[in-house]
Every structure is written in C-alpha cells, then in structure tokens.
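Below is one structure, written out as structure tokens; the observations come after it.
The values are calculated or read from the model by the stated rules, or taken from the named source; none is laboratory data. No experiment lies behind these values; they were computed from the predicted model shown. Note that we place each Cβ from the backbone using ideal geometry, even for glycine, and neighbour counts take in every protein chain shown.
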Amino acid sequence: MAKDHRSHRSLGLAAARAAALLCAGAALAAGAPAAADTPLGAGILTGEIELGGRGITGDWGSSEFREYRDVRPGMFGSGWLRLENESRRDYLSLGGYVVGPDDQHWEAFGGSLGRWGFDIGWDQFPHTLSSNARTIYRRDHNVYTLPPGLQQRLQTLGTGGGGVPRSNALGAALSGATDTPLEFQYLNGRAETWYRFTDEVEGRAGYSIQLRNGKKPWGFGFGSPGGSFADFAAPIDDKIHTLRTGLEWARKDWSLGLGYTGSFYDNDLQSLIVANPLRATDAGNGSSRGRGSVAPDNSANQWTLTGAANLPIGVPTRIQGTFAYGIRLQDEPFLPITINSAIAVPAGSTSRRSFDGRVDTYLGNLQLTSRLTEDLDLRLRYRIYDYDNNSADITTAEVVNDQGGLVGPDTSPNHEFMRQNASADLDYDVNRMLSVEGGYEWEHWDRDSHREVVNLDEHTGRLGLVVRAGDRMQIRPSVSSSIRRGSEYRALTAETGNIEPLRKYDEANRWRNELQLMTSIFPHETVEISLQAGAGFDDYLDSSFGLKSADDWNAGFDVAWRPIERIGLRTGYVYEDIRTRMRSSCILCAGSTFVFPQANWNSRWETEAHNVFGGMELQIVPKYLDLSIDYTFQRAEDQTWVTDFGGAVADYPQDENTLHVLATTLSFHVNEFLTFKGYYSFEKYNISDFRHDDLNPYMPLSNINTRTGAITPTTDVFLGNGWEDYQAHIFGLSAVYKF
C-alpha cells in the first residue's frame, strides 16, 4: 500500500510546537525589550527571568505526545541577561530554557559591534518512536540473543502440524516480552566566531557536534521467503562533527568569499548480530544467527568560492556566482560474506577487503539580474552539479539469506550523474495596476548506464500576473506547464523483477501542469484577508506499469481583524487533496504476468487534509490583564482502492488521524517589571490505522493475508510498537521578572 505520512508528521510537529509555546513560556517573552536598564558599575545589565511549575493529566506518556519533546509535570524555567558597556558597543548575552530534563536549550553570545563576535549554544531534545514496544531479545553490545533453549525448542518442533506447534511455542515466549522504549536523544553543541580584520575583510570559523544515543526498530529476515522475520531494538550511538571556516572580502561594487565545510560521521558500531528464532545450529539450509552492517564512518569535505559584482554596462546589472568542489570518502572494512559456519567461503570471494569509496562533487551556479528599463527586469540563472563516483569496483559473491552455496560473483555498480538547470525570467510593469511575469526553465539529467534512462530533459514554461486594485487588493495568478522526455527507456530486468513495461516515476516521461492563485485583500485598515489556491496535474504518458498519474489541489484563507485596539482576532483554514493512480503486477503469480492479465491490477490512493486555526488576543484590563487563546484542528485521512485483480476487490480500510490543540495564556502585569502568567492547554490526538487497530502481534495466529484475509500461524518475532492515541491537559503558573 502506498501511504503518505506527511499528514501524520505534520500533526505530531504541530503538537510539539503548541506544547513548546504553552510550557516553555520563555519563548513568548524573551524577545521583548527589558522594562528598564540596571546600572552595574561601568556597565548596563538587562534581562528577564521566568520561573514556574506545570501539571499534566492524561496520556502524556504516549509516544505521539512525546515525539519531539520532553514535557512533564514539575518546575520549568527560562531566562536571559545582557551585559553591555556604557556605549553599548561591547556586549555579552546569556540565556536558555528548560522544558524537561531531555528538552533544553542554552546559548551565550557576545562581542563588539562591527568588530568581532562569538556564539556558543547547546540544544537537546528526544525523538520518541514508540513507548509500547516489547522484546524477547537480550542485548550485549552489538549481539542480540534469545532466552536459553528457545531456539533449540523451535528447531526441534520443525514445520510439522502446519507450523502451529512452533508458532504456539514462540507465542508463549513472546507473552513474556519485556518493555523496550524506542527512543533516542539528540544532543547538539556549537561554537562560532567571527572577526573583522578591516572594513572590507571578515573571517568566520565554527564547530558543531551532533550526538544520538538510544534505540530504534530494526528487522532481519531469515530464510525468506518461507522463513521468519525478527524485529528488535537496534542501538543508535553515533556522532557528526562539522567544521566551517570562511573569509569574505567586500567592497562597494564587488565581493569575494572563500569557505570550507567538513563533516565527519563516527559510528561506535560496525555490525549487529541477531539470533535466528527458528534455528539453534548452523546448517546449509539456515543459520543460527544473522549479521548486518550499520552506517559506516565517512567524511565529506567541500571548498566553496563565491563572488558578486556590478557590471559596468549601460543598465544596472549584477552577476553573482558560486563554485564548489567536494570530496566524500568512506573506507570501512567489509563484513564477511556470511556468518553461517556451515558454509565454506573460499579466499578471494571478494575483490577488496574494504570499500575504498570516493565521490567528487562539482557545483557551479551563476545568476545575472538586470533592470533593462524602468519597467522591465531580467533574471538569468545557470546551475550545474556533477556527482562523480570514483569508488573502486567491487566484485563479490554472496550467500542469500545465509543459506545455500555461493552465488555470483557480481560487480556492484557505482552510480553517478550530472544535473544542469538553466532559466530566464522577465518581469514587465504594464502600468500601476498590472505586471506580467514570464519565464522558461530547462533541466537536464545525465545518468550513468546502470540506470534505465541515461539522458532526461524537462522543459518548463510559466506565466504570471500581478493585478493591483489600489492599495486594497493584490491578485497573483500563475500557470506553468512542463514536459519531461528521456532517451529510450531500457528496462533492467534483473533489477525490476522482469516487469519490462515498468516505468520508475523519477525517470518516466511526464506532462505536468500547475496553477497557483494568491490574493491579499485589505477591505479596511483593521482587516487583512489572504486567499490562496493551487492545483497540480501529473500525467506519466508512457508508463504501462507504475505510477500513471498524480493530481493534487489545495485552497485556504486566513483573516486577521482588530475591531478595537483591545481585541485582535484571527482565523484560517487550509484544505489539501492528493490523488494517484497506479498499475501493478504480481511477479510471483503463476505464469507470465503479461500472458495472464489476472495477475495485473489497478490501484488508486487518495488523501485529504484539513487544517483549521483561530485565535484571540484580548486586553481585559489595559496594561494590567491580557488573555490569549489559540485553537488548532487538523484532520488527515487516506485510503487505497485495488481493482481488477482476478475479478476480486481488495480495498484497504480508510486511515484517519485528528489533532485538537487549545492553548490559553492569562497574563497579569503587576508593574513594568513583574508579570504573573497562567497557562492551560488541551491536546487530543486520535489515529485509526488498520495495520495497528485491534492487533495483538504476540498471538500465535496473527499472520493475516492482506488480500484474502486468511489467518495463518506466525513464526515472526515482533516488537509490537505502534502509534498511540492520547488526550492531555497541561496547566501551569509562572512569574516573569524583567530588569
């Protein structure tokens, strides 16, 4: 089933933003100027401190509630202070907030205006994937084992009785699985500085580090097809070091810059070894363990040269460009071909012991802007990006699913490509009420011979208008149309499962049309209205199998109204609809899929999303008592329909998720220095997904055929993690003091 998770992600992120707004508190006030300056010897001190506490009731332990935040009952605080000298030229600022133990931000920056400066920061926040996962695996660094005797017992039971005895024994073990929350922590630190050597020359340098530590879901397949799958909580323990330096020389009519960026990835793990639940001993028909590699250590370096200049010609014209060269390296040792001790692997089965990977990248970007006349502007752009893969060729044999003999040898392809873009745009002011915008863009892909299409060109034309009705209304309609055509599509049957008519959507011929409309209306000085709408239509002209079409449209509005000085109102709504059609084939069905049309089918996927928001700001008692209320409602749903499959219909049920967020803040200003705040928010999230609803993956009979609905014994090991509904009330009190 094709499923778009964007709606699900947007709901979760919206909840995170709402909670940060309600519970951090500091973000609402930190940007406001201090009420007064506090003399401090030869300097001046300003700042703000907020301290408070919060309570939470409901399902705040849900993974969906906690996905990108750590909001929990207890104390929270934030603050910032700034120390300046009497001239206010030299300064030092410190600040931060604590939402929860795993969700914090700290920052310090300072310097001398126009001469030098520095910025040091630290952020940390969790990423919670699931709080209800369970596992029977036991971890020792990178090795995962099962309870003593389980593998031997399942191997002895074999496949007799239709697999029911082995499934029952595994189900009994799974019933005793222990909790294993799937989450990891992001830790980000940075330090940057800049120094102005002269009025024209400035240098910059910086370093940052990102650390991740925790667990995520992962799975191995043993002897598939006909074997089992094992899910487990894989460890995450890696770091990314980033170094940036740069030097810029700027004068009145030109500028020049040189920069370097280096990124270095360090993974404390090289591989994971996982016990096969169905075998305790190695044999030619199966292995007692599986082994897989994790992301390897690697580095990327890039040097960049940028420049811009005003051209000495008869019309105002400026040209600017960027050239960048990069090199990416990776040379981790290869893992052995198989971990199965019953299979002898002769020496020389792999042509190299390590990857010896190297990719060189080249980027060129030029842009010219010119005002040809007072009414006519011209923009020309050209961009080229070359991904040159110079990695060594690797020839190796393989052991499929750690069973049987050697297969191959095969040589792995090293993919590379070059992409070019060129465009020209003209803007013409017909009169004070009308402007016309038009343009053309060309995009060209040159891929290596390992891809189905080597040369691919896309041509796009666009036309837009700007209609002005005085100062009260502006309307911006636009339309664009593009055609993408490639050289002869060469189906690589070994890679596409012998479906020669299949067309991959990123290489297939396509016709695309897009419409956009944006409107700004000011019917009164207290009212602002904006309307926007858009539609896109993609037709994959020559695709017999694969994506056939993709259409989408959206429309929305938002309104802001301040009827009187003490009241501000805002509301809005956005709707989005996406529809796709596909043609698929079952390559595992008996006979040739194209001789027997009953093995082919059509499917269509549709999704729609609604986003409603509104809010109010009210000065109950001017200068003393303020109230703000914000409400957001989001709803997304999708469904896949399958037709023409051997005369049977196998539609998927509809998925749906909704989110409500209500946020209120009541502020009492005792004086210009002290404010007391009360917070309350309500969040409710519901998800309906047939893949998780009413599913108990720890039951022996839980293997369901999604086409026929038949239930069979399972010998898979599940984590049982899934999305969770939640409902939570968050309330808090805080005091804000400015000085």
For region 287-310, which positions are assigned to a loop (DSSP other than H, G, I, E, B) and either β-branched (Val, Ile, Thr) or touching a Leu at 6+ places or on another chain (Cβ under 8 Å) (or both)? VAL294
So is ARG510 buried (at least 17 other Cβ atoms within 10 Å of the Cβ), under 28 Å from the mean Cα position of the chain (by Cα) and among the basic types (Lys, Arg) or not? yes
Which residues, taken from region 649-672, are in contact with a Phe, Trp or Tyr (Cβ under 6 Å, 6 or more places away or on another chain) and modelled with pLDDT of 95 or more? LEU659, HIS660, LEU662, THR664, THR665, PHE668, HIS669
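Here's the yes/no breakdown for (1) aromatic (Phe, Trp, Tyr); (2) under 25 Å from the mean Cα position of the chain (by Cα); (3) surrounded by fewer than 20 Cβ atoms within 10 Å (Cβ to Cβ); (4) assigned to a loop (DSSP other than H, G, I, E, B):
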site: LEU45; (1), (2), (3), (4): no, no, yes, no
site: GLU48; (1), (2), (3), (4): no, no, no, no
site: GLY52; (1), (2), (3), (4): no, no, no, no
site: ARG69; (1), (2), (3), (4): no, yes, no, yes
site: MET75; (1), (2), (3), (4): no, no, yes, no
site: GLY79; (1), (2), (3), (4): no, no, yes, no
Could you please let me know if THR593 is surrounded by 15 or more Cβ atoms within 10 Å (Cβ to Cβ) and either touching a Lys or Arg at 6+ places or on another chain (Cβ under 9 Å) or at pLDDT 95 or above (or both)? no
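Tell me, yes or no, whether region 145-161 has at least one residue that is among the polar types (S, T, N, Q), under 16 Å from ASN276 (Cβ atoms) and in contact with a Leu (Cβ under 9 Å, 6 or more places away or on another chain).
Within region 145-161, the subset among the polar types (S, T, N, Q) is 145, 151-152, 155-156, 159.
Among the residues that remain, those that are also under 16 Å from ASN276 (Cβ atoms) are: 145, 151-152, 155-156, 159.
Filter once more, so that each one left must be in contact with a Leu (Cβ under 9 Å, 6 or more places away or on another chain): 151, 155.
So far as region 145-161 goes, yes, one or more of its residues are among the polar types (S, T, N, Q), under 16 Å from ASN276 (Cβ atoms) and in contact with a Leu (Cβ under 9 Å, 6 or more places away or on another chain).
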Given (1) among the hydroxyl-bearing types (Ser, Thr, Tyr); (2) buried (at least 19 other Cβ atoms within 10 Å of the Cβ); (3) over 30 Å from ASP59 (Cβ atoms), TYR195 misses just (2)
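Yes or no: region 221-231 includes at least one residue that is without any contact (Cβ under 8 Å) to a residue 24 or more places away in the chain and outside any strand (DSSP E or B). Full working, then the answer.
First, the residues of region 221-231 that are without any contact (Cβ under 8 Å) to a residue 24 or more places away in the chain: 225-226.
Then drop every residue that is not outside any strand (DSSP E or B), which leaves 225-226.
Taking every residue of region 221-231 in turn, at least one turns out to be without any contact (Cβ under 8 Å) to a residue 24 or more places away in the chain and outside any strand (DSSP E or B).
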Checking ASP356 against (1) more than 30 Å from GLY439 (Cα to Cα); (2) of a type outside the set (S, T, N, Q); (3) surrounded by 16 or more Cβ atoms within 10 Å (Cβ to Cβ), only one condition comes out false. Which one? (3)
Of the residues that sit in region 193-213 and are touching a Phe, Trp or Tyr at 6+ places or on another chain (Cβ under 7 Å) and either among the charged types (D, E, K, R) or touching a residue at least 60 places away in the same chain (Cβ under 8 Å) (or both), which one is nearest to PHE109 (Cα to Cα)? THR193
Say we look at region 550-564 and pick out the residues that are in contact (Cβ under 8 Å) with a residue 12 or more places away in the chain and farther than 26 Å from GLU606 by Cα; which of these is surrounded by the fewest Cβ atoms within 10 Å (Cβ to Cβ)? PRO563
Flagged pairs (Cβ under 7 angstrom, 6 or more apart or on separate chains; first in region 370-388, more than 14 Å from THR322 (Cα to Cα); second acidic (Asp, Glu) and buried (at least 16 other Cβ atoms within 10 Å of the Cβ)) are ARG371/ASP377; ASP377/ASP427; ARG379/ASP425; TYR387/GLU416; ASP388/GLU416
Within the group ALA324, ALA295, which residue is surrounded by 16 or more Cβ atoms within 10 Å (Cβ to Cβ) and of a type in the set (A, V, I, L, M)? ALA324
Output the residues belonging to region 479-507 that are at pLDDT 75 or above, of a type in the set (Ser, Thr, Tyr) and more than 29 Å from the chain's Cα centre (by Cα). SER487, TYR489
Can you run down the residue pairs with Cβ atoms below 6 Å, 6 or more apart or on separate chains, where the first is in region 450-473 and under 22 Å from TYR505 (Cβ atoms) and modelled with pLDDT of 95 or more and the partner is surrounded by 17 or more Cβ atoms within 10 Å (Cβ to Cβ) and among the acidic types (Asp, Glu)? GLU458/GLU443; THR460/GLU441
Just one listed residue, out of ALA422, ALA469, is in contact with a His (Cβ under 9 Å, 6 or more places away or on another chain) and among the aliphatic types (A, V, I, L, M), and it is ALA422
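Output the number of residues of region 523-549 satisfying the condition of being acidic (Asp, Glu), at pLDDT 95 or above and more than 30 Å from TRP601 (Cβ to Cβ). Outline the logic, then answer.
Initial filter on region 523-549 (acidic (Asp, Glu)): 525, 528, 538-539, 542.
With the extra rule that they be at pLDDT 95 or above, the set shrinks to 528, 538-539.
Narrowing further to those that are more than 30 Å from TRP601 (Cβ to Cβ): 528.
Of the residues in that region, 1 qualify.
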Residue satisfying condition, being within 30 Å of ASN142 (Cα to Cα), in contact (Cβ under 8 Å) with a residue 24 or more places away in the chain and not charged (D, E, K, R), within set GLY284, GLY307, GLY321, GLY257: GLY284
So in region 399-436, with the set limited to residues that are charged (D, E, K, R) and part of a strand (DSSP E or B), which one is modelled with the lowest pLDDT? ASP410
Please give the strands (runs of 3 or more DSSP E) falling wholly within region 91-170 in which 3 or more residues are more than 30 Å from GLY61 (Cα to Cα). 103-112, 116-130
Just checking, which of ARG279, ARG328 is closer than 30 Å to ASP716 by Cβ and either of a type outside the set (Gly, Ala, Ser) or in a loop (DSSP other than H, G, I, E, B) (or both)? ARG279
Under the condition of being more than 33 Å from the chain's Cα centre (by Cα) and of a type in the set (S, T, N, Q), which residue from region 412-443 is surrounded by the fewest Cβ atoms within 10 Å (Cβ to Cβ)? ASN431
Residues that are out of contact with any Leu (no Cβ under 9 Å at 6 or more places or on another chain) and either among the polar types (S, T, N, Q) or surrounded by 17 or more Cβ atoms within 10 Å (Cβ to Cβ) (or both), drawn from region 339-353: ILE339, ASN340, SER341, THR350, SER351
Checking LEU247 against (1) farther than 30 Å from VAL164 by Cα; (2) of a type in the set (A, V, I, L, M); (3) in contact with a Ser or Thr (Cβ under 8 Å, 6 or more places away or on another chain): exactly one of these is not met. Which one? (3)
Condition first: more than 30 Å from GLN367 (Cα to Cα), surrounded by fewer than 16 Cβ atoms within 10 Å (Cβ to Cβ) and β-branched (Val, Ile, Thr). Can you find one or more residues in region 230-253 that meet it? yes
Yes or no: region 212-219 includes at least one residue that is surrounded by 15 or more Cβ atoms within 10 Å (Cβ to Cβ), modelled with pLDDT of 95 or more and under 30 Å from LEU247 (Cα atoms). no
State whether one or more residues within region 630-644 are closer than 30 Å to SER585 by Cβ and at pLDDT below 80. yes
Of all residues in region 522-548, count the ones that are in contact (Cβ under 8 Å) with a residue 40 or more places away in the chain and not in a strand (DSSP E or B). 3
